[in-house]
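Below is one structure, written out as structure tokens; comments come after it.
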Amino acid sequence: MTRSMLIMLAAALPLPAMPALAQQGGAPAVATPVHQALGQVLPKRSPEQVYAKVCGYCHGRNVGPIILGRGLPAEAVHYIVRHGQNAMPAFRPTEITPAELDALSPWVSQSPARKEEHGQ
Amino acid sequence: MSLDLDRRGLLGAGLAGAASIGLGTGASAASPAPLAPGRSMADFAGAMKAFRGVVGAEWVFGDEEAVAPYDKAYIPDPAHRYKPVGAVCPQSLEEVQAIVRIANQYRQPLWTVSTGKNMGYGMTSPATPGQVVLDLKRMNRILEVDAELGTCLLEPGVTYQQLKDYLDENRIPLWIDVPTVGPIASPVGNTLDRGVGYTPYGEHFMFQCGMEVVLPSGEVMRTGMGSIKGSTAWQAFKWGYGPYLDGLFTQSNFGIVTKMGLWLMPRPPVYKPFMVRHGEMADVPRIIEAMRPLRVSNLVANCNLMMSASYQLAMFKRRNEIVPDGAPLDDASVKKAAKANGLGMWNTYFALYGTDETIAGVEPIIRASLSASGGEVLTAAEMGDNPWFHHHQTLMQGGLNLDEIGLLRWRGSGGGLAWFAPVAAARGVEAERQTALARQIVESHGFDYTAAYAIGWRDLHHIIALLFDKADAAEHARADACYKDLVVRFGAQGWASYRTGVNSMDLVARQYGEVNRRFNATLKHAIDPNGILSPGKSGII
Ligand SMILES: Cc1cc2nc3c(=O)[nH]c(=O)nc-3n(C[C@H](O)[C@H](O)[C@H](O)COP(=O)(O)OP(=O)(O)OC[C@H]3O[C@@H](n4cnc5c(N)ncnc54)[C@H](O)[C@@H]3O)c2cc1C
């Protein structure tokens, strides 16, 4: 996929019109905890964990558009994570490692929608 | 001409044309990323090669695609001046030292960030051309947590999320104190820019204790008690001996902080959040006058957020849900939308921390004075699951969310935000004048007054979110002009920013005066003769 196609695709993602429900804040849907030992760097996280600790604070919570269950191409997910998109900041390889992103992009693409998510 | 002027005269004079020799520095024909003043392609290439030798090729970024994540910012920058030329990402103190030695050798400036989520202040964009971002996010070890003393020692890349997860998992009954964007930002980065949060530990730099710093020479210095062999008080006693040094490394470019101690608040037995709802824009002075004695006496111990209705609405709504596109955001429409969502024109959040007995003792006093100011004093009992109340209830106990990122979608496709944050003493008349002036300026440029006051112990941070659609070139240019107008016209009244973005560091530094500026420059030139650490930070070159 070319870069301009990716951008078009990303731009086509509709933004949420308004909060559907009065439900903000709190921890996103449960994923296994990331165990970080004292004196050690953060271990590699699973896609579920990255989603819970980063993406899921906005997506599906009235801040960013819902991205699960929409079959977004993995390449588009990858591109948008690294470049940001309008209100979304970019995430650097030091924040979401290349290995984590390689697993995250297809996971976002293939994951089913979640009932508890809202906003779009 | 002074050395200072010589250095400053070089600003922006960097060479373009990195692409021409195929180094992939982020340069392209359309928008070349300039090198640092006076640096050649050979210097730059030599430094990048040497950096790779330290951290490995996979943690040095030089081509346009690889540098892209370092180039996304919310601030107005119509000429795209604040563009990094590369990035290097160490994982240890020794790697940082080696990078600093190389930077000195090649005179390659480094722009240091911890987690680099300085959103609305420039993210990871450097203040002057040709800088390589020194990205410390990979240094993210939680080194110590002392549950009895309520202290911790952290590396710069530890996010608030990591620290909170660690405390929760290990059932350590200590709280963190977050800025509103906790999950992706860091205690070290935020504290070094003297950021704020909303528990009683909200003035972050006050609760910092001990640092380890790599100096521009590559030497490592520990502040406070940290340089005493065998001391157990590095995170317990702030001042050490002689001049207090820690302040020198905040909002500055005198060193690279590689470890920081912080105090953490013990979880109180009882936490009770409140919202005070006021009905009119004109209630500003009454609210401040009522809150000040409560804050100065510490009866109310946390940093309060006094949020305008428009700021609150902008978090979860889009502008065209309130008024049609192109129409001014009038008070009547805002008031109507606020009311429909359980909000007033000003919504002030504070909390009480203690035991049932202590809270029962002070609550009536606080209620009496806030009610006398014309506010309705509300709690979870009345507000229930109101999303705004819930957001602030989360914040005032150091909880994590990113709800406020919603601000970035207020206008059009959004993505534009610059914080303008002038300080005043906590007096009603000052706030009243500031609100009037800010409204006049932003509205004259076609923007909205979406603002809050953070009521500190004796001060006000007037937090004005200049929200614009970055995809609209004309609006982007107007936002740039509006921001400068705000800085200049507030400055003329004696009000200057507590912190600012890379787009205005020089402008604000000039307001703090030439003597201060020269003093900073003298220090800078003495300790960093090659000018390699974050040139331009806080206007210091
Ligand atoms: C919607 C929204 C709400 C926000 N709310 C708040 C808020 O409530 N309170 C608040 O304070 N901010 C707030 N911010 C601003 C900002 O996002 C936070 O302050 C954030 O914590 C800063 O980013 P960071 O923690 O990643 O620090 P970094 O970006 O890593 O660091 C900030 C700056 O400190 C210096 N620095 C960092 N690390 C080092 C180091 N190791 N050595 C030397 N210098 C260093 C650098 O100059 C750097 O640019 C908000 C932003 C947005 C968009």
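The values are calculated or read from the model by the stated rules, or taken from the named source; none is laboratory data. From a predicted model like this one, the values you see are computed outputs, not experimental measurements. Counting neighbours? That spans all protein chains shown, and the Cβs are built from the backbone with ideal geometry, glycine included. Keep in mind that these areas ignore ligands, DNA and RNA; they rest on the heavy atoms of the full protein, side chains included. Shrake-Rupley method; radii C 1.70, N 1.55, O 1.52, S 1.80 Å.
Here B:Asp165 meets the list (1) open to solvent by less than 10 Å² (accessible area, probe 1.4 Å); (2) more than 13 Å from the ligand (Cβ to nearest atom) almost entirely, failing just condition (1). Over 24 Å from the mean Cα position of the chain (by Cα) and within 16 Å of the ligand (Cβ to nearest atom) - does that describe any residue in the range B:33-52? So far as the range B:33-52 goes, no, none of its residues is over 24 Å from the mean Cα position of the chain (by Cα) and within 16 Å of the ligand (Cβ to nearest atom).
Of note, B:Leu143 does not satisfy the criterion of being within 11 Å of chain A (Cβ to nearest Cβ), near the ligand (Cβ under 7 Å from one of its atoms) and not β-branched (Val, Ile, Thr). Identify, from the list B:Pro243, B:Pro216, the residue that is more than 23 Å from B:Leu143 (Cβ to Cβ), in contact (Cβ under 8 Å) with a residue 60 or more places away in the chain and either assigned to a loop (DSSP other than H, G, I, E, B) or away from the ligand (no atom under 13 Å from the Cβ) (or both). Every option except B:Pro216 fails the conditions. If only residues of the range B:183-202 that are more than 20 Å from B:Ser534 (Cβ to Cβ) and more than 8 Å from the ligand (Cβ to nearest atom) are counted, the one that is farthest from the chain's Cα centre (by Cα) is B:Pro200. The single condition among (1) more than 14 Å from the chain's Cα centre (by Cα); (2) hydrophobic (A, V, I, L, M, F, W, C); (3) within 11 Å of the ligand (Cβ to nearest atom) that B:Phe207 does not meet is (3).
With respect to (1) open to solvent by less than 30 Å² (accessible area, probe 1.4 Å); (2) more than 12 Å from every other protein chain (Cβ to nearest Cβ); (3) not β-branched (Val, Ile, Thr), the lone exception for B:Pro69 is condition (2). The numbered conditions (1) of a type outside the set (A, V, I, L, M); (2) within 18 Å of A:Tyr57 (Cβ to Cβ); (3) surrounded by fewer than 24 Cβ atoms within 10 Å (Cβ to Cβ); (4) in contact with a Ser or Thr (Cβ under 7 Å, 6 or more places away or on another chain) are all true for B:Gly116 except (3). Here B:Ser252 fulfils each of the conditions (1) under 30 Å from B:Ile359 (Cα atoms); (2) touching a helix residue (DSSP H, G or I) at 6+ places or on another chain (Cβ under 7 Å) apart from (1).
Anything in the range B:370-400 that is within 13 Å of B:Val300 (Cβ to Cβ) and either surrounded by fewer than 19 Cβ atoms within 10 Å (Cβ to Cβ) or β-branched (Val, Ile, Thr) (or both)? List them, or say none. Listed by number, the list holds a single entry, B:Val377.
Report those helices (runs of 4 or more DSSP H) wholly inside the range B:442-540 carrying at least 2 residues which are within 14 Å of chain A (Cβ to nearest Cβ), more than 13 Å from the ligand (Cβ to nearest atom) and surrounded by 16 or more Cβ atoms within 10 Å (Cβ to Cβ).
B:473-492
Here B:Pro109 does not qualify as within 12 Å of chain A (Cβ to nearest Cβ), buried (at least 20 other Cβ atoms within 10 Å of the Cβ) and within 23 Å of the chain's Cα centre (by Cα). For the range B:86-104, the set of residues classified as under 26 Å from the mean Cα position of the chain (by Cα) and of a type in the set (A, V, I, L, M, F, W, C) consists of B:Ala87, B:Val88, B:Cys89, B:Leu93, B:Val96, B:Ile99, B:Val100, listed by residue number.
The residues of the range B:82-97 that are touching a residue at least 60 places away in the same chain (Cβ under 8 Å), away from chain A (no Cβ under 14 Å) and open to solvent by 10 Å² or more (accessible area, probe 1.4 Å), listed by number, are B:Tyr82, B:Gln97.
Of all residues in the range B:91-131, those satisfying the criterion of being within 11 Å of the ligand (Cβ to nearest atom), of a type outside the set (S, T, N, Q) and either assigned to a strand (DSSP E or B) or farther than 27 Å from B:Ile463 by Cβ (or both) are B:Val96, B:Leu110, B:Trp111, B:Val113. Among the residues examined, B:Val323 does not qualify as among the aliphatic types (A, V, I, L, M), touching a residue at least 12 places away in the same chain (Cβ under 8 Å) and away from the ligand (no atom under 16 Å from the Cβ). The sole residue among A:Arg92, A:Arg82 that is facing chain B (nearest Cβ under 7 Å), assigned to a helix (DSSP H, G or I), without any contact (Cβ under 8 Å) to a residue 40 or more places away in the chain and surrounded by 17 or more Cβ atoms within 10 Å (Cβ to Cβ) is A:Arg82. Out of the residues in the range A:95-108 that are more than 7 Å from chain B (Cβ to nearest Cβ) and assigned to a loop (DSSP other than H, G, I, E, B), state the one that is most open to solvent (accessible area, probe 1.4 Å). The residue in question is A:Thr97.
Can you tell which of B:Gly354, B:Gly344 is out of contact with any Phe, Trp or Tyr (no Cβ under 8 Å at 6 or more places or on another chain), at positive phi, away from chain A (no Cβ under 12 Å) and not charged (D, E, K, R)? Exactly one residue qualifies, and that residue is B:Gly354.
Would you check which residues across the range B:392-429 are part of a helix (DSSP H, G or I) and either touching a residue at least 12 places away in the same chain (Cβ under 8 Å) or within 11 Å of the ligand (Cβ to nearest atom) (or both) and list them?
Of everything in the range B:392-429, those that are part of a helix (DSSP H, G or I) and either touching a residue at least 12 places away in the same chain (Cβ under 8 Å) or within 11 Å of the ligand (Cβ to nearest atom) (or both) turn out to be B:His392, B:Gln393, B:Leu395, B:Asp403, B:Glu404, B:Ile405, B:Gly406, B:Leu407, B:Leu408, B:Arg409, B:Gly428, B:Val429.
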